[in-house]
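The structure appears below as structure tokens.
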Amino acid sequence: MSDNGNAAATAEENSPKMRVIRVGTRKSQLARIQTDSVVAVLKALYPGLQFEIVAMSTTGDKILDTALSKIGEKSLFTKELEHALEKNEVDLVVHSLKDLPTVLPPGFTIGAICKRENPYDAVVFHPKFVGKTLETLPEKSVVGTSSLRRAAQLQRKFPHLEFKSIRGNLNTRLRKLDEFQEFSAIILAAAGLQRMGWQHRVGQILHPEECMYAVGQGALGVEVRAKDQDILDLVGVLHDPETLLRCIAERAFLRHLLYLTGGVWSLDGSDSMQETMQATICVTAQHEDGPEDDPQLVGITARNIPRQAQLAAENLGISLASLLLNKGAKNILDVARQLNDAH
């Protein structure tokens, strides 16, 4: 009996161990749902690998009593996760793409952008205002949002409303809406509500003529170490070509304008500028150049998407930003920054 037991133990020790891939994520319920969805795809693609999720809190999760625009930290929801990536505590990190700056810290890259879900903003109303729209809310109704982008655009479109900062994860913001009388409605990303299974709470979808969505909104980005070729190859299959090219154009536009989307607005919405620019981009062949031919575009590495298509997307974003700047957008930006700093 003793010999058999030793033989079994020896066989177990000599058997090959399954490689573990550690995946970093924020601790919030939505972040976990998003990360779980990416890990599920990777597990199906790589049954010989084991995936371990490492959850942590970020600066943006910890500071909840201050508007995001006042904190001054450019990587509110990514800094701690990138620190873990740098120390090899995790191998990849799943983010909401809109949380990732267009200029990543040295040594990091976005190795995959997953297929985008609904990119629009959604309005969730207080129970007593169900059936209303922003247009039909009573005068001076207070609408909560954590985004200056949303507030500036919507203040111009709906001058009878007041917009106020609301912080916290989706669960917290919905609880603040439902249990207190402070807010008549709040604005959230439709994709987040959809991933949480809360589509029934959506009272109104805001289309671009009402409120342009954030750069990268609705898409998930997978951040990795730029020189980690194994992990880059592993996650590269997650790239959705159409989403990737759209997000390259959006991020190039954002980088060129510093922090805006498809137009620029003064903080009170009284002054604005919008332009539309279009380009036809075809994805017809796989990219086959070597690693030395693959510099990042707006922080993204995508070797399985034709380089020419990626450059066309980037040029579209830069050209649109340049057009707005040439027409005077810089003045609007400067005034908005001064007003925000003064507050």
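Name the single residue, out of those in the stretch 71-94 being at pLDDT 90 or above, of a type in the set (D, E) and part of a loop (DSSP other than H, G, I, E, B), that is most open to solvent (accessible area, probe 1.4 Å). Filtering the stretch 71-94 for residues that are at pLDDT 90 or above, of a type in the set (D, E) and part of a loop (DSSP other than H, G, I, E, B), the one most open to solvent (accessible area, probe 1.4 Å) comes out as E89.
Check whether at least one residue in the stretch 119-130 is without any contact (Cβ under 8 Å) to a residue 24 or more places away in the chain and either polar (S, T, N, Q) or under 30 Å from T35 (Cα atoms) (or both), and report yes or no. There is no residue in the stretch 119-130 that is without any contact (Cβ under 8 Å) to a residue 24 or more places away in the chain and either polar (S, T, N, Q) or under 30 Å from T35 (Cα atoms) (or both). Filtered by the rule that a residue be touching a residue at least 60 places away in the same chain (Cβ under 8 Å) and surrounded by fewer than 16 Cβ atoms within 10 Å (Cβ to Cβ), the stretch 173-200 gives a lone residue, Q194.
The residues in the stretch 229-269 that are open to solvent by less than 30 Å² (accessible area, probe 1.4 Å), modelled with pLDDT under 90 and not in a helix (DSSP H, G or I) can be counted, and the count is 8. Residue count for the stretch 99-124 satisfying the condition of being open to solvent by less than 10 Å² (accessible area, probe 1.4 Å) and either modelled with pLDDT under 95 or not polar (S, T, N, Q) (or both): 9. Candidates K62, K17, K27, K43: the one that is open to solvent by 90 Å² or more (accessible area, probe 1.4 Å) and at pLDDT 95 or above is K43. The residues in the stretch 201-225 that are of a type in the set (A, V, I, L, M) and either open to solvent by 30 Å² or more (accessible area, probe 1.4 Å) or more than 19 Å from the chain's Cα centre (by Cα) (or both) can be counted, and the count is 3.
The values are calculated or read from the model by the stated rules, or taken from the named source; none is laboratory data. This one's a predicted model, so the numbers in the text were calculated from it and none came from an experiment. Please note: Cβ atoms are built from the backbone with ideal geometry, for glycine as well, and neighbour counts cover all protein chains shown. These area figures cover heavy atoms from the full protein model, side chains too; ligands, DNA and RNA do not enter into them. Shrake-Rupley method; radii C 1.70, N 1.55, O 1.52, S 1.80 Å.
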